[in-house]
Amino acid sequence: MALAGENTIRMTGVIVAREALRWTPARVPVLEIRIEHQSRQMEAGAEREVSCELAVRAVGPAAQQIEVVALGSRLVVEGFLAAKSARNRSPVLHIRTFELLEGN
């Protein structure tokens with residue numbers, strides 16, 4: 001039985017890689033990108049530099065919208081984490097919403 005729980009991620013990042021738009025057999029567009037995040041965060045009362053690169057998947061209209069966004073653009077993405085596939089359990093951020101940031 002699946003457990004209900006919170007699974008919402010919101011982060012700012014720069015698009016550093018993008019694969020070609022693909023279509024599922026049901027004709028739903030899917031786009032895989034990678035975003036790089038850098039920030040300062042508080043941890044145990046101390047500020048630290050944080051950076052990571054994260055796999056991100058957009059499905060449906062969001063895939064087509066992000067496809068035309070230039071590499072190097074900054075955006076805020078919000079979504080949930082899920083395994084990349086049944087065999088590959090690495091996390092992928094699935095976009096629910098996104099916003100382009102000023103200065104792109």
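Bear in mind these aren't lab numbers, they're just calculated from the coordinates by the rules spelled out. Predicted model, so just to flag it, every value in this text is computed and none were measured. Because the Cβ atoms are built from the backbone with ideal geometry, glycine has one as well, and the counts that use them run over all protein chains shown.
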For this session: Output the number of residues of the stretch 81-103 satisfying the condition of being of a type in the set (Gly, Ala, Ser) and either surrounded by 14 or more Cβ atoms within 10 Å (Cβ to Cβ) or part of a strand (DSSP E or B) (or both).
Result: 2
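Can you pull out every residue in the stretch 40-59 that is more than 13 Å from Ala17 (Cα to Cα) and surrounded by 13 or more Cβ atoms within 10 Å (Cβ to Cβ)?
Ala58, Val59, listed by residue number.
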Problem set entry | Index of the failed condition, Ile15 passing every other in (1) touching a Ser or Thr at 6+ places or on another chain (Cβ under 6 Å); (2) loosely packed, with under 13 Cβ neighbours inside 10 Å | (2)
For this session: Name the one entry in Ala62, Ala4, Ala26, Ala58 that is in contact with a helix residue (DSSP H, G or I) (Cβ under 8 Å, 6 or more places away or on another chain) and either touching a residue at least 40 places away in the same chain (Cβ under 8 Å) or outside any strand (DSSP E or B) (or both).
Result: Ala58
